[in-house]
Amino acid sequence: MTLHKNLLNIVAFVVTLFFLALPAAAESVLAKLLPSVQVEELVEGADAFGAMSAEIPAVEVLKDGERIGWAFVTSDYVSTTGYSGKPIHTMVALDDAAQVAGVLLVKHSEPIVLIGIPDAKMKALVANYRGLDLVVEAESGGTAHKLDIISGATVTVMVIDDSIVRAGLKVARVLGLGGLAVEEKGTGPQFEINPDAEASTDWMTLEGDGTVRRLSLDVGQINEAFAAMEDPRAAKRALTESPETTFIEMEVALLSPPAIARAILGDAVAANIDDWLGEGEYALAIVGRGLYSFKGSGYVRGGIFDRIVLIQDDVSVRFRDRMHKRINTIAADGAPAFEEADLFKIPADSGFNPTEPFRIQLLVHREVGAIEKVFTTFDLSYRLPEKYIRPVAVAPTTEVPASVEDVLSQSEADAHQALWKRIWAGKQVEIAVLGVMLFVLTGVFFFQTFATRNERKFYWFRIGFLTVTLVYLGWFANAQLSVVNLMALFGSLVSGFSWQAFLLDPMTFILWFAVATALLFWGRGAYCGWLCPFGALQELLNQVARALHIPQWTLPWGLHERLWPLKYMIFLGLFGVSLVSIEQAEHLAEVEPFKTAIILNFVRAWPFVAYVGALLIAGLFVERFFCRYLCPLGAALAIPARLRMFDWLKRYHECGNPCQTCSNQCPVQAIHPTGEINPNECINCLHCQVLYQSKTTCPVVIKKVKRREKAGAAPDLSRANLGHPNQIKT
């Protein structure tokens, strides 16, 4: 009856979640953020926002009842994803002349800005965009203005800059500001890559015909560029090498035509690159030598190559580490010895057209203080030579012209769908490994009696599984779940659920699906005890500590039981804060050490590393210290743990009274002295099931074995007493 009632509750719970998760009507970012913005903070002298545009997500900016401009949020028009992997929402106001009347950084999750850079400095930066003329930017391809960068937030500033210009041009063209108009696509000649084109195998010839383009800067040019800057400190820090010394020689080639890929990389590598690229993706080769690196080291810390960006009209592409491969050898004859040679993938949803001109913008910095830098940029223009492209015959059409919405977000849903499908296709190996791990773990749980029969073999199986969890799932695939995921899910359910955002990370999506299933069968232990990379790190380090004979502390039961609620209070506190401000909750969620220890591999500011180090040191003496008392994710998963449908862990009547073996040996003290297992604290390590069958440790099993031995010896003793049938008794 109880099981039936639980099943009904579960079904009702799942059905409720299903209806809550139905996608809500699409709402623009502007509509969501507008109530929190004061118009006078955006545009000086303005006193109110007016009516929303009927065409696009833009709102009138009013002064004394008269419209003086239009306001919009950049995220409604272009990708604004920063270091955090989340959008940087910037509100921009344009006047009728297509000049920027105001800029306001409304909402973001950039850790460097949240933690390390004063808010006033960021406000001053965005305020400098007032007066930016988008008509001039349209004529120059977005390079007419000076890019101001704050040290330590290079990528964040570049994303903000790029989004202001590109989104501003889109809005200005649709609204007809400054005389700009929407560019009609497909009305002129159209071209495509010619797969039959031939390319020379000689490097100098490739340079000569434009297949490879070069940017060459010497020390004298760099010193002159910084000397012309307004900051006098830039000139004082001039390079001391001779002016003729090569600062950087950077060369670029688009490998979309197969002939170019074969000429530069060789047939075998070119074939591999073709397999690496998905539908609609392109490869760009960049090589360089000299004093300055076009890659830098920022991608090691944050995953983004912050010194180079591809720009084509309104399209800009920043390359991440997952879009990058090294070139080991250049196959073209006579190629110089380059210090750097790399391939970069141009995503299919970027809007890049390989037959149109583009440029690679190189960001060069100079240190002017202990932590301060100044920046300038240089452009390398590129266009495929005509022999690599061919015209496409365009059939006459009588279709109705695209609407404004189509111009702004044509195939946006298709692009998002193509994006997550491409990401899943690119992570087939990781998904397969995770699938195998989940299959093996499910088998262990279903056949736990057989799996735990041999204590030594099961011990090494668990150590091996945890090692794979830490190294592969954690440090390699970054598949570390977080309480932030739950807060994001709740926020999505409240504001309008969309599968697209969650499908962009296949490992996290699959893990959460597996966790939800496991909660119904086994509780939270399937994840916490086996699939959590940080939990695995703690347990493996504790095993090393035991091998080194570091003393293990067992907290008194009363104290241990009173420390349990800490993690629940932390979770409820974070959840409560998230209802008011998701950004503040994410900031406070740094109580989880996962980002520092797993995602960033300890490459972070020293306070974060010190915090993680303290937790791991505590775990050397108290196994899984963080899991037991502080983990908000564990608390969140423990709350529905009592909904599980089955009780898989076997117990004897003697457990707890009088036997305390399992209670004393439980790694996380999840077994009460009275013998009950607390499902909220159990991590399903199955150690108690090993003991359940142990013929050397469990008193109940030992007693049974002795009873069997005694029962087996009784017939032999009877035969011995009867003697031989032919024996004469005297």
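The values are calculated or read from the model by the stated rules, or taken from the named source; none is laboratory data. If you're wondering where the values come from, they're calculated on a predicted model, not measured in any experiment. Cβ: placed from backbone, ideal geometry, glycine included. Neighbour counts: every protein chain shown. When the accessible area is computed, the model is the full protein with side chains, heavy atoms only, and any ligands, DNA or RNA have been set aside. Shrake-Rupley method; radii C 1.70, N 1.55, O 1.52, S 1.80 Å.
Which of the residues that make up the stretch 446-471 are under 18 Å from Ala536 (Cβ atoms) and either open to solvent by 50 Å² or more (accessible area, probe 1.4 Å) or in contact with a strand residue (DSSP E or B) (Cβ under 6 Å, 6 or more places away or on another chain) (or both)?
Matches in the stretch 446-471: Tyr459, Trp460, Phe461, Thr467, Val468, Val471.
Every residue, every condition in (1) modelled with pLDDT under 90; (2) of a type outside the set (D, E, K, R); (3) in a helix (DSSP H, G or I), yes or no:
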| position | (1), (2), (3) |
| --- | --- |
| Phe450 | no, yes, yes |
| Phe461 | no, yes, yes |
| Thr469 | no, yes, yes |
| Leu489 | yes, yes, yes |
| Val494 | yes, yes, yes |
| Met507 | yes, yes, yes |
| Gly523 | yes, yes, no |
| Glu539 | no, no, yes |
| Ala545 | no, yes, yes |
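Of everything in the stretch 636-646, what is hydrophobic (A, V, I, L, M, F, W, C) and closer than 18 Å to Ile677 by Cβ? Give them in sequence order.
Taking the stretch 636-646 as the starting set, the residues that turn out to be hydrophobic (A, V, I, L, M, F, W, C) are 636-639, 641, 643, 645-646.
Those that are hydrophobic (A, V, I, L, M, F, W, C) and closer than 18 Å to Ile677 by Cβ: Leu637, Ala638, Ile639, Ala641, Leu643, Met645, Phe646.
Among the residues of the stretch 377-407, which ones are modelled with pLDDT of 80 or more, in a strand (DSSP E or B) and not aromatic (Phe, Trp, Tyr)? Please lay out each step first, then the result.
Let us first name the residues in the stretch 377-407 that are modelled with pLDDT of 80 or more, namely 377-391.
Retained after the next criterion (residues that are in a strand (DSSP E or B)): 377-382, 389-391.
Listed by number, the residues that qualify are Thr377, Asp379, Leu380, Ser381, Ile389, Arg390, Pro391.
What is the number of the single condition among (1) closer than 20 Å to Arg320 by Cβ; (2) modelled with pLDDT under 65; (3) open to solvent by less than 20 Å² (accessible area, probe 1.4 Å) that Met158 does not meet?
All conditions pass for Met158, except number (2).
Assess whether Ile599 counts as being open to solvent by 60 Å² or more (accessible area, probe 1.4 Å), closer than 20 Å to Asn478 by Cβ and β-branched (Val, Ile, Thr).
Numbers: open to solvent by 60 Å² or more (accessible area, probe 1.4 Å): yes; closer than 20 Å to Asn478 by Cβ: yes; β-branched (Val, Ile, Thr): yes.
Judged against the criteria, Ile599 is a match.
Quickly run through the stretch 47-74 and pick out the residues that are small (Gly, Ala, Ser) and within 24 Å of Val315 (Cα to Cα). I'd like the intermediate steps shown before the answer.
So in the stretch 47-74, the residues small (Gly, Ala, Ser) come out as 48, 50-51, 53-54, 58, 65, 69, 71.
Those that are small (Gly, Ala, Ser) and within 24 Å of Val315 (Cα to Cα): Ala58, Ala71.
Name every residue in the stretch 562-590 that is within 23 Å of Ala618 (Cβ to Cβ) and touching a Leu at 6+ places or on another chain (Cβ under 9 Å), in order of residue number.
Hits for the stretch 562-590 are Leu563, Leu566, Lys567, Ile570, Phe571, Gly573, Leu574, Leu588, Ala589.
Scan Asp321, Asp333 and give me the residue that is closer than 23 Å to Asp274 by Cα, surrounded by fewer than 16 Cβ atoms within 10 Å (Cβ to Cβ), touching a helix residue (DSSP H, G or I) at 6+ places or on another chain (Cβ under 8 Å) and at pLDDT below 90.
On the way: Asp333 fails: at pLDDT below 90.
Result of the check over Asp321, Asp333: Asp321.
List the pairs whose first member sits in the stretch 640-663 and is on the phi > 0 side of the Ramachandran plot and small (Gly, Ala, Ser), whose second member is part of a loop (DSSP other than H, G, I, E, B) and surrounded by 15 or more Cβ atoms within 10 Å (Cβ to Cβ), and whose Cβ atoms are under 9 Å apart, counting only residues at least 6 apart or on separate chains?
Listed by first residue and then by second, the contacts come to Gly656/His672; Gly656/Gly675.
Given Val374, Val364, which one is among the hydrophobic types (A, V, I, L, M, F, W, C), outside any loop (DSSP other than H, G, I, E, B) and under 28 Å from the mean Cα position of the chain (by Cα)? Working first, answer last.
Values: Val374 fails: under 28 Å from the mean Cα position of the chain (by Cα).
From the options Val374, Val364, the qualifying one is Val364.
Spot the failing condition for Leu206; the list is (1) more than 39 Å from the chain's Cα centre (by Cα); (2) modelled with pLDDT of 90 or more, and only one is missed.
(1)
Test Gly576 against the stated conditions and say whether it is free of Cβ contacts under 8 Å to residues at least 24 places away in the same chain, open to solvent by less than 40 Å² (accessible area, probe 1.4 Å) and out of contact with any Pro (no Cβ under 7 Å at 6 or more places or on another chain).
Details: free of Cβ contacts under 8 Å to residues at least 24 places away in the same chain: yes; open to solvent by less than 40 Å² (accessible area, probe 1.4 Å): yes; out of contact with any Pro (no Cβ under 7 Å at 6 or more places or on another chain): yes.
Yes: the conditions hold for Gly576.
Provide a single number: the residues in the stretch 36-48 that are buried (at least 18 other Cβ atoms within 10 Å of the Cβ) and in a strand (DSSP E or B). Full working, then the answer.
Keep residues of the stretch 36-48 that are buried (at least 18 other Cβ atoms within 10 Å of the Cβ), which gives 37, 39, 42-43, 46.
Subsequent filtering for residues that are in a strand (DSSP E or B) retains none.
Here the count works out to 0.
Of all residues in the stretch 523-556, which are open to solvent by less than 50 Å² (accessible area, probe 1.4 Å) and either of a type in the set (D, E, K, R) or in contact with a Lys or Arg (Cβ under 6 Å, 6 or more places away or on another chain) (or both)?
Gly523, Arg524, Gln538, Glu539
Report, by residue number, each residue of the stretch 226-252 that is under 39 Å from the mean Cα position of the chain (by Cα) and open to solvent by 30 Å² or more (accessible area, probe 1.4 Å).
Quick first cut of the stretch 226-252, residues under 39 Å from the mean Cα position of the chain (by Cα) only: 226, 229-231, 233-234, 237-239, 246-252.
Selection gives Met229, Glu230, Asp231, Arg233, Arg237, Ala238, Leu239, Thr246.
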